[in-house]
Structure formats: C-alpha cells, structure tokens
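A.B. asks: Take a look at the following structure, please.
The values are calculated or read from the model by the stated rules, or taken from the named source; none is laboratory data. Not measured: the values here are computed from a predicted model. Cβ placement follows ideal geometry from the backbone for every residue including glycine, while neighbour counts extend to all protein chains displayed. Areas reflect the complete protein model, heavy atoms only, side chains present, ligands, DNA and RNA absent. Shrake-Rupley method; radii C 1.70, N 1.55, O 1.52, S 1.80 Å.
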Amino acid sequence: MIRLEHLSKFYGSGQSAVAALQDVELHVPEGSITGVIGVSGAGKSTLIRCVNLLERPTSGKVWVDGQDLTCLDEQGLRKARHDIGMIFQHFNLLDSRTVYRNIAFPLELMGLNKAAIQQRITPLLELTGLTDKRDNYPSALSGGQKQRVAIARALASRPKVLLCDEATSALDPQTTTSILELLREINQELGLTILLITHEMEVVKSICDSVALISDGRLVETSRVGPFFTRPGTELGRAFLEDFLRIEPPRSLRERLESSAPDKPHPIVRLVFNDENVSSPLISQLAREFELDISILQARIEDIQGHTLGLMIAEFRGSPDQIQTALAHLESMQLTTEVLGYVE
Ligand SMILES: Nc1ncnc2c1ncn2[C@@H]1O[C@H](COP(=O)(O)OP(=O)(O)OP(=O)(O)O)[C@@H](O)[C@H]1O
Ligand SMILES: [Mg+2]
C-alpha cells in the first residue's frame, strides 16, 4: 500500500544541510499496521510526513496505492491526499469549531454538501464514541476525546492509509490503551493500512504487525513484531528491547549484590527465554543435573502476538564449577543469560 524507494530528505543545503533521511526503502503492506521506532531526531516524523508529501523528499519515490506521489501536480496531490489521513501528538483541532464541525472541515474543503457531510459524520461519531459530544468545543474535551475527534476527522475523507505521529504520546496509559484499541478496530473493520510512529515499545507490542527501526535517518531493521521481540537483528533493536524488558532484582537483594565474586559465590542470573525454550522444564532439569538450588526471585512472561518471551531473575547455589557448566548449558540452549552480581 505504501512503498518508499530510495527516499532521502535533506533540510537546508550546502555545508549546513541536515540529512534527515538517507536512502530509505520501506514497504507497508495493505491492511497492516507498521510501527516506526527510533530515538529523538532519528527522522521518524520526517519519514511519515514524506508519505503524504507534507515534506517533499529531496530524492526518491513515494508510492501510495499504486501512485507515485512525487510525480503529481498540486491538483493530483490534493486528490491523492484524500486517501491519506493523519493524526498528531497534539491533536491539531480547530478550537473555534465544535466536534462536529472539526470533523466536517476536510469535507467542506472537498466541497461536499451539508446532507452528504452529515451522512458521513454520523457513523464516525458513533465509531469513535463521540455521539454525545458532537456540539462540544475542544476545550471541553479530555486528551483521549480530542484524539478521537482527530481520528474521526482523519477518517472523514475515507482514506486508505492512516498516518499517526506519536498519537498516544500525550495520553495517560489507560487512554493510550483505548486509542490503540480504536486504531486496531479501524484497521480491522475498515481495512485501513496504518503507519505509526512511536517511542513506546508497548505500542509496538500491542498493535503493530511489523516494526521499522530508524537511526540517523537510515532504516536499520524491519521485522515482523513477534520475531523482533524474541530475536532483534541489530544492536539498536536489542537496545530498545533491553529497555522494554528491563526486569530488576528486588530492592532487598540489590542492596546485597556484589559485583565481584566472593569466596563462596552465589550468582544472581537474569535469564531470557523465548519461544523455543520457554515451555521446557529447564530450571528443574538444571537443578537435578548440576545439583544446584535455584531460587526464582523475579519473573515475567510476555505474550507478543503468539510469541512468548520469558524473563527471570534467579539465584544459583551450588559448586562454582557446576554453576559455570550450568550457565554454559543454558547458553547452548539459546537462552540469554547475564550474571547481575553475587550474594554471599
Ligand atoms: N524543518 C526542519 N529544518 C531543519 N532540520 C529539521 C527540520 N525538521 C527536522 N529537522 C532535523 O531532521 C532530523 C530528523 O528530525 P525528525 O523530526 O524527523 O526526528 P524524529 O525522529 O521525529 O524526532 P522526535 O522523536 O524528537 O520527534 C533532526 O536532526 C532534526 O533536527
Ligand atoms: Mg518526531
């Protein structure tokens, strides 16, 4: 549905030019939800704004629904943009218009008559749960309600693609969940293709099918979400995941944790299980085979669209040699292990 080919964007020119995007190749299949992640300044907003040509790329092509937007004249582009809705972090509503008239705005620009506008807006108010707010002004709405208005407005022209630039970043976790559910519903019921930017892995985990990682204007990794969470392909992917999966030893233990091994070392080990080994009885096997006592201090299981990821912090007690062999055994079973420190 969306295809970016050799997309580059430079701001300014000559010595002071900023390379915001360099040679980006991205394919977003029809009906999918793709998340773009990257640190601040990586080029995420530039990328998404190039999809509807709010930013004109310096070079490269932008295909949306089989049409190269970079070749279109003003009129062609205006028409093509009806197929592309967009929502933003700060909603960008018109304060002087009611909910109804905010949603009507793009339709007025398209030249639709009053009856046609009403016909389109009524189901959108229902879909977004705003029927009883239709005559309210934005100042009387919560953040989540404002974003619902923005979503309804973005859908008014019946687009095929929805672009979301940090659409939930200004919302609390509960409201974020309800907006993500709405986006999922729109994706499934209207078949809309969604390209969204986020810095929250939780957003990627809960609604994206695929993820694209950008760094310094370059696309460094694209992957289906399940495999990405269990086996990211790049250092940057691992770093994002590391933050998301952080699991800390309990406070009382942290205070006793030594960085170097004392005389009788009991390592505190962080283990990351994935699909291949999460369901096998590894801990009891280890305990038997290597004569260890293993205490589980902290554990977490994540279900990521059918893929399982397990995290555990455990204390290993036993002979130092046996502990070493046991850890090597775990690594050979494709588990990630990390000794966080030691306790007496
Ligand atoms: N209009 C502009 N003029 C000049 N430089 C710009 C402009 N817009 C963005 N940039 C630069 O381009 C780079 C990419 O910016 P962009 O806004 O796309 O990043 P981002 O990944 O969206 O960051 P954030 O997470 O902070 O929103 C940055 O170095 C930024 O300073
Ligand atoms: Mg941005």
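A.B. asks: Where both partners of a DSSP beta bridge lie in the chain, what percent of those bridges are antiparallel, to the nearest 5? Let's see the in-between values first.
C.D. replies: Values: 45 of 63 bridges.
If I count the DSSP bridges inside the chain, around 70 percent turn out antiparallel.
A.B. asks: Can you work out the accessible area per residue across segment 251-343, with the rest of the protein chains kept in place, probe 1.4 Å, in square angstrom? The partial results should precede the final answer.
C.D. replies: Details: 5080 Å² over 93 residues.
Value for segment 251-343: 55 Å² per residue.
A.B. asks: Another question, if that's okay. Given a cut-off of 20 Å, name the pairs among K9/K44; K44/K205; K146/K205; K9/K61 whose C-alpha atoms lie farther apart than that in the structure shown.
C.D. replies: Working: K9/K44 12 Å; K44/K205 18 Å; K146/K205 24 Å; K9/K61 11 Å.
From the list (K9/K44; K44/K205; K146/K205; K9/K61), the Cα-Cα distance tops 20 Å for K146/K205.
A.B. asks: Non-local amide H neighbours of E55 (under 5 Å, H modeled in plane, Pro and chain starts lacking H): which ones?
C.D. replies: When sequence neighbours closer than 5 places are left aside, the close amide H contacts are C50.
A.B. asks: List the relative contact order of segment 141-243 as a percent without decimals, with contacts defined as Cα pairs under 8 Å and 6+ residues apart. Can you show the working numbers first?
C.D. replies: On the way: 88 pairs, mean separation 21.2, N = 103.
Relative CO of segment 141-243 lands at 21 percent.
A.B. asks: If we count every other residue with Cβ under 11 angstrom of K133's Cβ, Lys/Arg +1 and Asp/Glu -1, where does the sum land?
C.D. replies: Overall, the nearby charge balance is +1.
A.B. asks: Sticking with this structure for a sec: Which whole-angstrom value gives the distance between the alpha carbon centres of segment 87-118 and segment 197-227?
C.D. replies: Measuring centre to centre over Cα atoms gives 31 Å.
A.B. asks: Now a separate question. Sort the following peptides by mean Cβ neighbour count (other Cβ atoms within 10 Å, averaged over residues), highest first: 319-332, 182-195. Before the final figure, lay out each step's value.
C.D. replies: Values: 319-332: 14.6, 182-195: 17.9.
In descending order of packing, they fall as 182-195, 319-332.
A.B. asks: If you don't mind, there's one more thing I want to ask. Which lysines, on any chain, are close to K114 with Cα under 22 Å apart, when same-chain ones fewer than 8 places away are left out?
C.D. replies: By straight Cα distance, K114 reaches K79, K133.
A.B. asks: Nearest 500 deg cm²/dmol is fine: what mean residue ellipticity at 222 nm does the chain get from its DSSP H runs of n ≥ 4 alone, each adding -39,500 (n - 2.57), divided by its residue count?
C.D. replies: On the way: 12 runs with 121 residues, N = 344.
The per-residue figure over the chain is -10500 deg cm²/dmol.
A.B. asks: Oh, and also: Going by average Cβ density within 10 Å per residue, which order do the peptides 85-94, 143-152 take, highest to lowest? Intermediate results must be reported in sequence, preceding the final value.
C.D. replies: Numbers: 85-94: 18.8, 143-152: 23.3.
Put in order of decreasing packing, that is 143-152, 85-94.
A.B. asks: Going by amide H atoms built from the backbone, whose H comes under 5 Å of the H on A299, apart from near neighbours?
C.D. replies: For A299, the qualifying residues are I313.
A.B. asks: Same structure again: Over segment 251-343, what relative contact order in percent results from Cα pairs under 8 Å that are six or more residues apart?
C.D. replies: Values: 156 pairs, mean separation 42.8, N = 93.
Averaging sequence separation for qualifying contacts and normalising by length gives 46 percent for segment 251-343.
A.B. asks: Rounded to the nearest whole Å², what accessible area per residue is found for segment 1-135 with the 1.4 Å probe? Could the numbers behind the result be given before it?
C.D. replies: Numbers: 6950 Å² over 135 residues.
About 51 Å² of surface per residue is accessible.
A.B. asks: List the relative contact order of the chain as a percent without decimals, with contacts defined as Cα pairs under 8 Å and 6+ residues apart.
C.D. replies: Dividing the mean separation by the residue count of the chain yields 18 percent.
A.B. asks: Roll a 1.4 angstrom probe over the protein heavy atoms and tell me the percent of accessible area of the chain that is carbon or sulfur. Please list the in-between numbers first.
C.D. replies: Working: 7850 of 16740 Å².
Carbon with sulfur: 47 percent of the solvent-accessible area.
A.B. asks: Tell me, rounded to the nearest percent, the portion of alpha carbon pairs in segment 2-244 spaced more than 29 Å apart. Working shown, then result.
C.D. replies: On the way: 8685 of 29403 pairs.
It works out to 30 percent of all Cα pairs.
A.B. asks: How would segment 251-343 be classified by its alpha-carbon gyration tensor: rounded, prolate or oblate, with rounded meaning a/c under 1.5 and the a/b versus b/c comparison settling the rest?
C.D. replies: Numbers: a/c = 2.25, a/b = 1.41, b/c = 1.59.
Judged from the Cα gyration tensor, segment 251-343 comes out oblate (a/c at least 1.5, b/c at or above a/b).
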